[in-house]
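Structure, as structure tokens:
The values are calculated or read from the model by the stated rules, or taken from the named source; none is laboratory data. Everything quoted here is computed from the prediction, not taken from an experiment. Cβ atoms come from the backbone with ideal geometry, glycine included; neighbour counts cover every protein chain shown. Please note that ligands, DNA and RNA were not included when accessible areas were found on the heavy atoms of the full protein model with its side chains. Shrake-Rupley method; radii C 1.70, N 1.55, O 1.52, S 1.80 Å.
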Amino acid sequence: MRVLILAKEGQQSETAAPPTPEAMAEYQKFNEELVKSGVVLEAGRLHPSSQGRRVQFDGKKRTVIDGPFAETKELVAGYWLWQVRSMDEALEWLKRAPYDGGTFEVREVLEYEGM
């Protein structure tokens with residue numbers, strides 16, 4: 001099964017401080033374990049919402065809304081796409097992640113025939 005792990009941030013900053021070298025080394029080590037195990041299919045960090053756009057659909061009308069999205073309480077800051085045997089396996093991997101804070105949402109990707 002494929003799962004999408006969404007890294008949430010309560011508030012993204014345009015000038016967010018980069019992680020310390022030690023924290024980055026821990027994260028890279030964890031990510032290398034994921035890659036070696038064949039779990040990671042894709043991963044990425046997103047730019048702040050001020051650089052994003054939303055498209056709102058209302059019948060035939062399409063409206064483009066420029067960021068930042070202040071009304072959003074939990075912005076998506078990054079993601080992983082993993083291939084795992086079960087939701088439990090995904091949760092076990094995620095619990096090993098070297099983060100001191102934050103919230104991560106884990107969702108199974110729907111699989112459709114022919115896609």
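Efficiency by 1/(1 + (r/R0)^6): what FRET value for F104 and Q56, r their Cβ-Cβ distance, R0 = 30 Å, to the nearest 0.05?
0.65
Non-local amide H neighbours of A77 (under 5 Å, H modeled in plane, Pro and chain starts lacking H): which ones?
Under 5 Å from the amide H of A77 lie the amide H atoms of A7, K8, E9, each far enough along the sequence or on another chain.
How large, in percent, is the carbon and sulfur part of the accessible surface of the chain at a probe radius of 1.4 Å?
So the carbon and sulfur contribution to the accessible surface is 52 percent.
In terms of modelled amide H atoms, which long-range or inter-chain residues lie less than 5 Å from the amide H of A43?
Result for A43 returns L81.
Could you tally up the Lys pairs in the chain with alpha carbons closer than 22 Å? Skip any pair fewer than 8 positions apart unless they're on separate chains.
Within the chain, the lysine pair count is 5.
Taking 22 Å as R0, compute the FRET efficiency from the Cβ-Cβ separation of Y27 and F69 and round it to 0.05.
Efficiency computed from Cβ-Cβ geometry: 0.25.
Among the trypsin sites (Lys or Arg not before Pro) in segment 21-95, which ones are in a DSSP loop with at most 11 other Cβ atoms within 10 Å of the Cβ? Mind listing them?
K60, K73, R85
With every protein chain kept in place and ligands, DNA and RNA left out, what is the accessible area per residue of the chain? Probe 1.4 Å, answer in Å².
For the chain, the solvent-accessible area averages 75 Å² per residue.
What nm value, rounded to one decimal, do you get for the distance between Y112 and S37 when each label is placed 7 Å out toward the C-beta?
3.1 nm
How large are Rg and Dmax for the chain when calculated on the C-alpha trace, in angstrom?
When restricted to Cα atoms, the chain yields Rg and Dmax of 16.5, 51 Å.
If you add up the charges near I65, with Lys and Arg at +1 and Asp and Glu at -1, over every other residue whose beta carbon is less than 9 angstrom from its beta carbon, what do you get?
+1
What do you get for GluC sites (Glu not before Pro) in segment 48-91 restricted to DSSP loop and a cutoff of at most 12 other Cβ within 10 Å of the site's Cβ?
E71, E74
What do you reckon, how do F69, F57 stack up by accessible area (1.4 Å probe), largest on top?
Sorted descending by solvent-accessible area, the residues read F57, F69.
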